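*Asks:* Would you mind keeping the following structure in view while I ask a few things?
The values are calculated or read from the model by the stated rules, or taken from the named source; none is laboratory data. These numbers were taken from a predicted model, which means no experiment stands behind them. When we count neighbours, we look across all protein chains shown, and the Cβ atoms used for this are built from the backbone with ideal geometry, even at glycine.
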Amino acid sequence: MSKLTLSVNPKLVTQAKKYARKKGKSVSKLFEDHIEDLINKEKKKDPLDSIRKLKGIAKGSIPDDVDYKDAIADILIAKHR
């Protein structure tokens, strides 16, 4: 593990310590978890990427001009009628 020194508002430090204690974690672990969450959210910017990766594995072919957002909207509308 590497050490990191941060300058933080003393009131926030107190609140972070209380929160960490309540969650059974260290402030360092809370910080690490939060940064990992931020990084993972950055990586998942386009929710349709996972759908696009599946393109071509189903029988038949999907035209290149398919609007995935419209297709998903149509499926959800039909499902919730």
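*Asks:* Outside any helix (DSSP H, G or I) and modelled with pLDDT of 85 or more: which single residue out of L76, L6 fits that description? Can you show your working first?
*Replies:* Working: L76 fails: outside any helix (DSSP H, G or I).
Only one candidate qualifies: L6.
*Asks:* Further, regarding this structure: Take region 1-17 and flag every residue that is surrounded by 10 or more Cβ atoms within 10 Å (Cβ to Cβ) and charged (D, E, K, R).
*Replies:* Correct list: K17 only.
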